[in-house]
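The values are calculated or read from the model by the stated rules, or taken from the named source; none is laboratory data. Owing to the predicted nature of the structure, the values given are computational and were not obtained by experimental measurement. Neighbour counts run over all protein chains shown; Cβ positions are idealised from the backbone, glycine included. Please note that ligands, DNA and RNA were not included when accessible areas were found on the heavy atoms of the full protein model with its side chains. Shrake-Rupley method; radii C 1.70, N 1.55, O 1.52, S 1.80 Å.
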Amino acid sequence: MKILVTGTAGFIGSHLALKLLERGDEIVGIDNINDYYDQRVKYGRLQKTGIIENVEDGENIHQNSLITSKTMPNYKFIKANLEDREILEKLFKEEKFDKVCNLAAQAGVRYSLTNPYAYIDSNIVGFVNILECCRHNNVKALSYASSSSVYGLNETQPFSTKANVDHPISLYAASKKSNELMAHVYSHLYDLPTTGLRFFTVYGPWGRPDMALYLFTKAIIEDKPIDVFNYGQMQRDFTYIDDIVTGIIKVIDNPPKGNPAWSGKNPDPSSSKAPYKIYNIGNNNPVKLMDFIEAIEKKLGKKAKKNMLPLQPGDVPSTYADVSGLIEDFDYKPATSIQEGVDKFIDWYLDFFDIKF
């Protein structure tokens with residue numbers, strides 16, 4: 001099967017591409033490798049898949065040119081923007097993808113407060129370009145990243161895909177809700193099977209430098225204080241990367257069909273008469289932020305200096321995923337404990353940055 005995976009210099013996309021390649025799929029990856037966070041991490045992910053030989057070679061990747069992996073002949077990569085409609089149309093026409101998994105996006109709640117246009121360009125314009133290319137090139141199914149952030153002001157937990165999500169509190173969340181609405185239009189009008197995955201706080205090796213685990217680990221090692229928001233009264237449905245990838249692959253392999261029981265008089269937001277589906281993908285087990293910090297301290301053998309702060313604008317105090325949809329449809333069972341996942345991340349961090357600790 002030939003699959004386009006967008007965001008393959010990113011955290012989730014790089015892990016997904018590797019798993020799909022390992023099982024024999026032909027993968028084309030695309031990423032604009034922007035400077036939202038440390039590009040060395042992005043280059044390191046590309047090095048792992050043989051696109052470049054050394055992290056230092058990353059700056060020499062040419063824009064809009066396909067590169068074949070030196071170690072994985074079934075993997076090709078192109079540095080390009082999803083907003084570049086001409087390049088995207090050319091790529092779809094030439095490569096003839098069977099399926100598409102769109103993970104590329106401008107991520108981050110806080111960054112959307114200061115750079116809103118990045119979210120419109122990548123998450124809205126880029127996504128409609130993906131939809132149009134799927135529509136016009138006989139793509140069999142599209143899966144894409146949504147976010148737990150869409151739940152916004154919802155207070156009923158665990159968060160359910162059957163709940164209303166019309167009250168986002170960040171532009172990032174609004175852009176992800178928009179993706180779900182846009183996908184439904186294409187499922188309804190053009191019979192394109194689409195599946196949205198609302199990710200819940202993914203963590204693990206090669207994780208993003210703007211995420212709590214990375215920031216906390218770095219600060220504790222450097223003997224600097226960590227910022228603990230909402231005075232530590234936070235909890236997150238932390239989900240280990242391998243568990244996330246397992247769920248994504250199940251979704252890629254099983255595109256949705258229309259729900260014959262769906263009714264416009266009592267509409268289920270997570271499905272439709274069209275081939276459209278929304279799933280939460282999380283650990284289904286929220287962890288208190290202070291317990292998460294304790295797991296980091298245990299692995300490092302060092303206590304954190306804590307800077308206790310109020311809740312940030314656009315942030316929510318708690319996330320908790322109802323993953324009953326994935327369980328019912330795919331027997332989805334996240335299996336990685338917080339301590340195990342944190343330990344694996346820190347082992348990677350120390351190795352990648354060559355830190356003796």
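Here are the numbers:
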quantity	calculated
Candidates GLU180, GLU132, GLU155, filtered to the one that is touching a Phe, Trp or Tyr at 6+ places or on another chain (Cβ under 9 Å) and over 25 Å from PHE11 (Cβ atoms)	GLU132
Matching residues, the range 25-56, being open to solvent by 50 Å² or more (accessible area, probe 1.4 Å) and more than 18 Å from the chain's Cα centre (by Cα)	GLU26, ARG40, GLN47, LYS48, GLU53, ASN54, GLU56
Count of the range 204-238 residues which are open to solvent by 10 Å² or more (accessible area, probe 1.4 Å) and part of a strand (DSSP E or B)	3
Boolean, ASP291 is surrounded by fewer than 19 Cβ atoms within 10 Å (Cβ to Cβ), within 18 Å of the chain's Cα centre (by Cα) and in contact (Cβ under 8 Å) with a residue 24 or more places away in the chain	no
Contacts under 6 angstrom Cβ, first residue in the range 124-146 being closer than 12 Å to ASN102 by Cα, partner open to solvent by less than 10 Å² (accessible area, probe 1.4 Å) and among the basic types (Lys, Arg), 6 or more apart	SER146/LYS176; SER146/ARG198
Members of the range 80-103 that are part of a loop (DSSP other than H, G, I, E, B) and either open to solvent by 70 Å² or more (accessible area, probe 1.4 Å) or among the charged types (D, E, K, R) (or both)	GLU83, ASP84, LYS96, ASP98
The range 198-213 residues that are in contact (Cβ under 8 Å) with a residue 24 or more places away in the chain and of a type in the set (Val, Ile, Thr), paired with ones that are in a strand (DSSP E or B) and open to solvent by less than 20 Å² (accessible area, probe 1.4 Å) (beta carbon under 7 Å, 6 or more apart)	THR201/THR239; VAL202/THR239
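Residues checked against (1) surrounded by 19 or more Cβ atoms within 10 Å (Cβ to Cβ); (2) at positive phi; (3) in a loop (DSSP other than H, G, I, E, B):
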| site | (1), (2), (3) |
| --- | --- |
| TYR117 | no, no, no |
| ILE120 | no, no, no |
| CYS133 | yes, no, no |
| TYR144 | yes, no, no |
| SER149 | yes, no, no |
| ASN154 | no, no, yes |
| GLN157 | no, no, yes |
